[in-house]
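Below is one structure; the comments refer to it alone.
The values are calculated or read from the model by the stated rules, or taken from the named source; none is laboratory data. This structure is a prediction, so every number in the text was calculated from the model and none was measured. Backbone-built Cβ (ideal geometry, glycine too); neighbour counts: all protein chains shown.
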Amino acid sequence: MDRHIFEEEHEMFRDSVRSFMKNEIEPHVDRWHEQGIVDREAYLKAGEMGFLLMWADEEYGGIGVRDFRYEQVLIEENAHFGDPGFFMTLHSRLVAPYFDSFATEEQKARWLPKCISGEHILAIGITEPGAGSDVAGIRTKAEDKGDHYLLNGSKTFISNGILADIVIVVARTDPNNSHALSLFVVERGMEGFERGKNLNKMGFKSQDTAELFFNNVKVPKENLLGEFNRGFYHLMHGLAEERLLGACGYIASAEAAYNLTLEYVNERKAFGKPIAEFQNTRFKMADMRTELDVGYAFVDRCVEEHNKGRLTADDAAKAKLWTSEAEGRITDECVQLHGGNGYMDEYKVSRLYTNARVSRIYAGSSEIMREIIARSIGLDPRKRQKAARKANAA
């Protein structure tokens, strides 16, 4: 299917990204998979190419490109020819935009240049052992001590947790208000800031994920990001884009598995002929190609809407839900068509399958996405209860 969303300059950019992925990332994939972490040099090389924080203004070292399609190209090419564990997008489009939206000019000048160059790697600390999707359940706290904030608590499942030089930490700043959260910038080397081991996950083996611990960390006043007690609302600011980023990655990873399988079924023989000649194989491949094209059509439309500032929370949730579920179905079918080989870790399709399982969990689980969508079509139990109380009172 011809994807009309991309123009000539996007395809030229795709060529350069693909070359970068094949030459600088793909040769290291197996080693990173085994060592459980991407080399820091990968970020430095991406920075040299101008691939990090592309939206950042030139005064900080960026190239000032805010067209989301360029990030979409990076995500797609990384899925096909790079390493899904190379969380360049988390660095550039999930964490760094908090600086763009909420940092002072002094803070931007202080932190953005090295994030753009890849010298400093970013992470965000939200999830806790008892608080995942329920942000209001966060227990990490920060107390105002006059000339600094005293930070105590822990975070878990933090992507880039080992590599990160800068972590935006979400902490409670009013024990009497569940929505009173604030964002604090914690930097490598701060006393009391410690990391746990690199967690062993089902998939994304090359992506470092860790627990973070904050024991009486003195955070300078100038490291408060955004407004005090307004962190909950700051977090809501980027949710639609986060889910769109996920959707771009999920559909691209599903297509990567499909392409591998298309090649495999044409080469693999059973009963004297390529398994592509069996009707079951042809029908399965036809179904998957259809799902991919339908998924790309909706994701591309969401990207267009996002570029115009019109992407809604419910459409982002639909994109995240549909693509993550489709990724699960497609990668599972691709493993099946590979037979026993698909179960072997040395085959990329096996890794794509295990990676896909978390897509329905992080950045808002499928259940949370369905709740958002249900509310958008008028199925909000809270409104029903409120209306019932009002009727009873009358």
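Computed values, structure above
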{"read-out": "Candidate set: the stretch 242-286, residues that are aromatic (F, W, Y) and in a helix (DSSP H, G or I); chosen: the one surrounded by the fewest Cβ atoms within 10 Å (Cβ to Cβ)", "value": "F283"}
{"read-out": "From the options Y60, Y43, residue that is in contact with a helix residue (DSSP H, G or I) (Cβ under 6 Å, 6 or more places away or on another chain), assigned by TED's automatic domain parsing to the domain that holds A96 and modelled with pLDDT of 95 or more", "value": "Y60"}
{"read-out": "Filter pass, A210 being outside the structural domain of G82 (by TED's automatic domain parsing), outside any helix (DSSP H, G or I) and in contact (Cβ under 8 Å) with a residue 40 or more places away in the chain", "value": "yes"}
{"read-out": "Residue pairs meeting the criteria (Cβ under 6 Å; at least 6 apart or on separate chains; first within 21 Å of I25 (Cβ to Cβ), in the stretch 54-80; second part of a helix (DSSP H, G or I) and of a type in the set (S, T, Y))", "value": "M54/Y70; I75/T89; A79/S253"}
{"read-out": "Filter result for K197 (in a loop (DSSP other than H, G, I, E, B) and within 22 Å of the chain's Cα centre (by Cα))", "value": "no"}
{"read-out": "Residue satisfying condition, being at positive phi and touching a residue at least 60 places away in the same chain (Cβ under 8 Å), within set N200, N160", "value": "N160"}
{"read-out": "Candidates N177, N216, filtered to the one that is modelled with pLDDT under 95, outside any helix (DSSP H, G or I) and not assigned by TED's automatic domain parsing to the domain that holds S365", "value": "N177"}
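Per-residue answers, yes or no, for (1) touching a His at 6+ places or on another chain (Cβ under 8 Å); (2) of a type in the set (D, E, K, R); (3) over 30 Å from G36 (Cβ atoms):
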position: P274; (1), (2), (3): no, no, yes
position: A286; (1), (2), (3): no, no, yes
position: E291; (1), (2), (3): no, yes, yes
position: F298; (1), (2), (3): no, no, yes
position: N307; (1), (2), (3): no, no, yes
position: R329; (1), (2), (3): no, yes, no
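Every residue, every condition in (1) under 30 Å from F278 (Cα atoms); (2) free of Cβ contacts under 8 Å to residues at least 12 places away in the same chain; (3) in the same structural domain as F86 (by TED's automatic domain parsing); (4) of a type outside the set (V, I, T), yes or no:
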| site | (1), (2), (3), (4) |
| --- | --- |
| L321 | no, no, no, yes |
| T331 | yes, no, no, no |
| K348 | yes, no, no, yes |
| N355 | yes, no, no, yes |
| A363 | no, no, no, yes |
| A374 | no, yes, no, yes |
